[in-house]
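The values are calculated or read from the model by the stated rules, or taken from the named source; none is laboratory data. Everything quoted here is computed from the prediction, not taken from an experiment. Here the Cβ is made from the backbone with ideal geometry for all residues, glycine too, and neighbour counts use every protein chain on show. Note: accessible area is taken over every heavy atom of the protein model, side chains too, but ligands, DNA and RNA are not part of it. Shrake-Rupley method; radii C 1.70, N 1.55, O 1.52, S 1.80 Å.
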Amino acid sequence: MRAFLSYLGAALLLVVATCWYCQFVYDGDNFYHLAHASVYWNHGIFFRPFPWVHYSVASQYNSDLWWGFHVLLAPLTALGDKVLILIAGPGYLMLLNLLISRWAVIRLGMSHWYGLVMLPASLGYFTRMETVRPQVLSAALLVLVFAAIISEAPWLAVGASFFLGLFHPTLCYMVVMVGGITFLHRGFVKKEWNLWTELSCLIVALSVAIIRPGIPDGLHLMKVQLLDLMQVRRAGEVKNFGVELDRTNWPYFLRAYMSPLIVLAVGAATALRFRSKEKSPAAMWAAFGVVLAALVLSFAITRRGIDQFAPFTILTALLLFHLCPDLRKFTAVIFGIHFTYVLIMMGWQNAERTHPKNATDFRGAANWLINHTQPGELVGQAVWSDFGPLFYWDKHNRFFGGFDPIFQYTYSPETYWMMTINASGRDLGKTSKYNPLIVPDKEEPISTVWPRDLKTKWMIVGRHWGEAIQTELKQDPHVKLRYEDDHARIYEFVP
């Protein structure tokens, strides 16, 4: 118990530091996930309608793709203060990540302090801790599934798979990668070609992923998020969203992958020279197999493989250094340098953000809309990603769309292009040959297209978005500026 409390104390210190830092670098998805969680807190976890988006399949299908994740977040609503909830959200998930990681490294016979070392696995992985996204949990749960199978704890593996399917249904297929490696490991090392544990994990994860309020609708949304997005990206229909699904390129590889690989290389060189002969490297070889599989995934399919590559690379390095018990100080120095590098790069990356999101950016504009529009009135946001903070502060209105733009594009490519051309930069909508609305020299003004075709008389746009568009709006006699503060403007289209 004393060991656990000491670990918990250290984890809480990291969480508090992260919460303090993250109040200045909000991820846009934080707003959406916490806002949807508050809907369940106020209306019950089986509340299915989502009337706050209009031109989106999310309003057509009464299901929530991230239902289990939102139920987990719902108790944060009890904090009351919406700014405090935004600050606490990333820390809440980060603490769960650290506790799950501790469990995993203990199962593999290592010090529980290594659970903290897993946190700064890479720049891409550590920046997840700024966010309220299910990847924070699913990455740690996959490591726990791996550790439980390797340590022959099938019920723990199945339990971790259950929560993986519940919290992150669109990633539960990754059990195939981890399970395939552990199956091969057991077969070649122990000559036991037994697939029951891995198969049970996969069946449980997939079953839980589809069991939610409104199962048929949920399956449709899952198809949109996974298959439709990949299809339109691969076909070249759109180039301005879904970039995270692209394959890893070399610049991204150098920025996100090189640091953990260097740590792994140092660990391998150290183990070759100084490892204890009594230690078995079996678990290390299995973890290294997952690293290779995740690397192939990243280059062949999607760079999102970093969420599996980074923690498993550091886990493999930890297992290598664990073979050298007399070099604890050297191990601490190596990981200390790695952690320092990740922190510096994280700070530099956030400093380079041109327009970081703050908690209250849209609060003033949202309050104005609540007081000057009818309940359920449609308001067009100029940039799709602004839906999160608008929804967080304003559940009085409906907005054009939310979540990833694929939900808007699948609903209607035509309305998607109308919103894109006439929003965050008209050139953005002209980058695709599939855009049916491109008519050279005949582009209609926003004040015509939005009221006539998109059925709204309101546009809200952050002051840092689309200066060319805002210049057009200011010069249009059919557009009136109704609200303005340091962060947002609200325009009304008038006859």
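Quick look at the values:
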| item | result |
| --- | --- |
| Residue in the range 358-369 that is within 27 Å of residue 127 (Cα to Cα), open to solvent by less than 30 Å² (accessible area, probe 1.4 Å), at pLDDT 85 or above and part of a helix (DSSP H, G or I) present | no |
| Index of the failed condition, residue 373 passing every other in (1) closer than 28 Å to residue 84 by Cα; (2) modelled with pLDDT under 90 | (2) |
| Residue that is modelled with the lowest pLDDT, among those in the range 2-25 that are out of contact with any Pro (no Cβ under 9 Å at 6 or more places or on another chain) and among the polar types (S, T, N, Q) | 23 |
| Subset of the range 152-188 (residues that are assigned to a loop (DSSP other than H, G, I, E, B) and open to solvent by less than 30 Å² (accessible area, probe 1.4 Å)) | 153, 168 |
| Which listed residue, of 101, 122, 63, 111, is surrounded by fewer than 18 Cβ atoms within 10 Å (Cβ to Cβ) and either among the hydroxyl-bearing types (Ser, Thr, Tyr) or touching a Pro at 6+ places or on another chain (Cβ under 6 Å) (or both) | 111 |
| Tally, over the range 250-261, of residues that are buried (at least 16 other Cβ atoms within 10 Å of the Cβ) and either aromatic (Phe, Trp, Tyr) or under 14 Å from residue 318 (Cα atoms) (or both) | 4 |
| Condition broken by residue 213, with the remaining ones in (1) surrounded by fewer than 22 Cβ atoms within 10 Å (Cβ to Cβ); (2) in a helix (DSSP H, G or I); (3) over 21 Å from the mean Cα position of the chain (by Cα); (4) modelled with pLDDT of 85 or more satisfied | (2) |
| Selected residue [in contact with a helix residue (DSSP H, G or I) (Cβ under 6 Å, 6 or more places away or on another chain) and over 28 Å from residue 346 (Cβ atoms)] from 58, 11, 37 | 58 |
| Test: residue in the range 47-58 that is open to solvent by less than 10 Å² (accessible area, probe 1.4 Å), at pLDDT 90 or above, in contact with a Lys or Arg (Cβ under 8 Å, 6 or more places away or on another chain) and closer than 26 Å to residue 214 by Cα | yes |
| Number of the condition not met by residue 351 [criteria: (1) open to solvent by 70 Å² or more (accessible area, probe 1.4 Å); (2) within 27 Å of residue 457 (Cβ to Cβ); (3) small (Gly, Ala, Ser)] | (2) |
| All positions within the range 75-98 that are open to solvent by less than 40 Å² (accessible area, probe 1.4 Å) and among the hydroxyl-bearing types (Ser, Thr, Tyr) | 77 |
| Hey, residue 326 crowded, with 24+ Cβ neighbours inside 10 Å, at pLDDT below 85 and part of a helix (DSSP H, G or I) or not | no |
| Verdict on residue 142 being more than 14 Å from the chain's Cα centre (by Cα) and open to solvent by 20 Å² or more (accessible area, probe 1.4 Å) | no |
| Within the range 278-317, considering residues that are of a type in the set (S, T, N, Q) and part of a helix (DSSP H, G or I), the one modelled with the lowest pLDDT | 298 |
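The rows are residues; the columns are (1) at pLDDT below 85; (2) under 30 Å from residue 265 (Cβ atoms); (3) open to solvent by less than 40 Å² (accessible area, probe 1.4 Å).
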residue	(1), (2), (3)
344	no, yes, no
394	no, no, yes
409	no, no, yes
421	yes, no, yes
426	yes, no, yes
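To keep it simple, each residue is scored yes or no on (1) closer than 19 Å to residue 163 by Cα; (2) assigned to a loop (DSSP other than H, G, I, E, B); (3) free of Cβ contacts under 8 Å to residues at least 40 places away in the same chain.
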| site | (1), (2), (3) |
| --- | --- |
| 42 | no, no, yes |
| 50 | no, yes, yes |
| 61 | no, yes, no |
| 72 | yes, no, no |
| 75 | yes, no, yes |
| 78 | no, no, yes |
| 83 | no, no, no |
| 86 | no, no, no |
